Amino acid sequence: MKNLVVYLVMAFLLLSQIGCSSDNTHKISTITLEKVGFEGDASSGYNISWRLVADPAPDKDLVVVIGGYRKSDDWFDYNRREWKMRIKSDNVPPFYAVIEKSNRHSSTYQKFVPASSLYINTLPSVKIVGQDISIDTDTLAETLPAKTLGGQVIPEGHEFLPYWVGKEYGLNKNGGIIIK
């Protein structure tokens with residue numbers, strides 16, 4: 001009888017641990033860019049199909065910033081006003097792209113690239129006294145609501161998740177993968 005009670009208590013504790021998962025356990029994904037298709041030439045420009053790859057797959061919808069110029073991994077040397085104006089525009093980078101919850105790949109996008117490159121950027125960040133580098137939620141909040149490349153709406157109050165930029169982080173104007 002004593003063994004039965006011990007086993008029941010252990011089973012209860014084990015089941016309660018399995019059932020209790022925290023929403024604050026987001027695993028930070030490393031995002032890379034994958035070229036899916038390519039056509040065209042140097043004189044007329046290129047049509048490039050590409051998608052984002054997340055490792056590991058995000059446990060919530062992950063919004064990624066795609067830009068026309070490279071930003072450092074610690075992105076706090078930017079002009080907030082310019083960034084806000086550019087993110088609100090439908091045709092001037094940076095753009096938002098989404099990797100949906102539990103997916104390793106974003107949708108496939110097609111980008112005509114006549115003379116510029118395409119880069120995965122980190123989210124704008126700030127250095128807070130006594131803390132580490134944090135996502136600049138104030139600046140991001142002022143850019144919302146906004147649309148993604150796929151036409152999804154990022155609502156006001158959206159919680160942006162952090163991500164790392166991986167080794168294959170861009171496409172050059174000739175359609176080649178840019179590697180760090």
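Values in this text are rule-based calculations from the coordinates and carry no lab data. Just so it is clear, the structure is predicted and the values come from calculations on it, not from any experiment. In this analysis, Cβ positions are derived from the backbone assuming ideal geometry, glycine residues included, and neighbour counts consider all displayed protein chains.
When ranked by the protection proxy of mean other Cβ atoms within 10 Å per residue, highest first, what sequence do the peptides 158-166, 32-40 form? Write out the running numbers ahead of the final one.
On the way: 158-166: 17.3, 32-40: 14.9.
Going by the mean number of other Cβ atoms within 10 Å, highest first, we get 158-166, 32-40.
Taking 7 Å along the Cα-to-C-beta vector as the label spot, tell me the D59-Q110 distance in nanometres, rounded to one decimal.
Reported label-point gap for D59 and Q110 is 3.8 nm.
On full extension of the chain, what length is gained from T30 through S102, given 0.36 nm per residue of separation minus the C-alpha to C-alpha distance?
Details: separation 72, 0.36 × 72 = 25.92 nm, distance 1.39 nm.
Separation in residues times 0.36 nm, less the Cα-Cα distance, equals 24.5 nm.
If you project the alpha carbons of segment 128-180 onto the principal axes, what extent comes out on each, in Å, largest first?
Extents along the principal axes, in whole Å: 37, 35, 15.
Check the straight Cα-Cα distances from K173 and name the lysines below 23 Å, setting aside those fewer than 8 residues away within the same chain.
Leaving aside lysines fewer than 8 places away in the same chain, those within reach of K173 are K35, K71, K111.
Could you order the peptides 122-132, 137-147 from most to least packed, using the average number of other C-beta atoms within 10 Å per residue? Working shown, then result.
Details: 122-132: 13.1, 137-147: 15.5.
Going by the mean number of other Cβ atoms within 10 Å, highest first, we get 137-147, 122-132.
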